[in-house]
Every structure is written in C-alpha cells, then in structure tokens.
Amino acid sequence: MKDVLTKQRSQIKTKIVASISKSHHISDLGKTLSGRDFVDVTLAQWGRFSFLRQNFVLFSAMVDESLLKKVTGSDAREESNPPADNNSAESTNNGTRTWSSHQFWEFIDELLDEMREEVRKERSVELRKQAWEKFFTDSLQSDLEQFPAENRLASLHPSDGRSVPEWQKAIRQDLAWL
C-alpha cells in the first residue's frame, strides 16, 4: 500500500510541476488530477489544488535556498554534520530548516498542521470551517491571478455540485475534515 501511495504522490507532484511550467489554469490542473470524467471537480477542490501548487512554488524556492547555503558554505553546521539521509531535514544554527526536493509532502503536512492549529483557536465549529475554507479560498484567488485562463470560454468551470456522483457526495458530507 505504501508503494501505491508513494507512486500517487509522485504523479500528483509531477502534474503540479507540469502545470506550473506550462502556466496552466487551475481547471486544467484539476482535469489532470481528477482523471477528467471520473470526478466532478468542485470549487473547493480547486482551492485544494491551488494550495498544493502555490506551496510547491514556495517549497521549490526553499529547496533552492537550502542548496545555495550548502554550496556557498553559509552554514558551517551543515558542512560539519551532513544529514544521515536525504529524507531528513536539518535545522541550521539560526533555526531555519533546510529542505531537499523529495520532502514536499512532509512540507505540506507541516503546513496543514499549522493551519489546523490556527483554526482550532476559533470558538465555534462554524467559525472553524470558515477559517479553514479561507486558507484555500485565498490560495485559489492567488492562483487565479498567477495562472489566469488564456481563453475564458475554453477553461472549465467548477462543478456546482448538482452533478456530483453519489459516492463523492457521501465523502464530502460524511467525513470530518477538521
């Protein structure tokens, strides 16, 4: 099972990278990630996809910065104590973390943990849901600015939810996301 999930994560990451390099609209990324006709992609899912894409851009910059520090020797601790393996991240003397390119999903997990902690500060369940959705809405708005549709008529629109398959409705309604 681990191998299957690792392969899926790798495929998702590859599709995100391709969408960035080709400056694809979020609807195009949604199509490639959903398998076109298999899932009816909603606005909420666009928000999640944009969250991944926006944070991949940030993560890539952080990896580049980490590599630059290693190459220039700006952190003596890194040179004297290299990481035991490429899957562990090191904290430098100034507390910043160095990342390697295959730690994207760990980075995403940490971001989601931070978001959950922030959302838990809200008093009511409804306010928590609103705060949670705001993270993804803000990400989607930023993504739409950074990757606008070349042809508005050709770009797909998110589903209104009416044509969503029953299994997808059940997942959306019955699973707790917070």
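Here are a few things to note about the model shown:
- Any hit, the range 55-69, residues being modelled with pLDDT of 90 or more, open to solvent by 80 Å² or more (accessible area, probe 1.4 Å) and outside any helix (DSSP H, G or I): no
- For Asp85, the stated conditions do not hold, so it cannot be described as open to solvent by 70 Å² or more (accessible area, probe 1.4 Å) and at pLDDT 95 or above.
- Of the candidates Ser50, Ser27, Ser34, Ser19, the single residue that is of a type outside the set (A, V, I, L, M, F, W, C), open to solvent by less than 20 Å² (accessible area, probe 1.4 Å) and farther than 16 Å from Phe147 by Cα is Ser34.
- Candidates Ala170, Ala149, filtered to the one that is among the hydrophobic types (A, V, I, L, M, F, W, C), part of a loop (DSSP other than H, G, I, E, B) and at pLDDT below 95: Ala149
- Flag for Val119 being open to solvent by 40 Å² or more (accessible area, probe 1.4 Å) and either under 19 Å from Ser10 (Cα atoms) or modelled with pLDDT under 95 (or both): no
- Just one of the numbered conditions (1) buried (at least 16 other Cβ atoms within 10 Å of the Cβ); (2) modelled with pLDDT of 65 or more; (3) not hydroxyl-bearing (Ser, Thr, Tyr) is not true of Asp75: (2).
- Total residues in the range 17-46, condition at pLDDT below 95 and either of a type in the set (Phe, Trp, Tyr) or under 14 Å from the mean Cα position of the chain (by Cα) (or both): 8
- Summed over the range 6-38, residues that are touching a Pro at 6+ places or on another chain (Cβ under 8 Å) and not in a helix (DSSP H, G or I) total 1.
The values are calculated or read from the model by the stated rules, or taken from the named source; none is laboratory data. Everything numeric in this text was worked out from a predicted model, so none of it was measured. Note: ideal-geometry Cβ built from the backbone for every residue, glycine included; neighbour counts use all protein chains shown. The accessibility values were calculated without ligands, DNA or RNA, using every heavy atom of the protein model including side chains. Shrake-Rupley method; radii C 1.70, N 1.55, O 1.52, S 1.80 Å.
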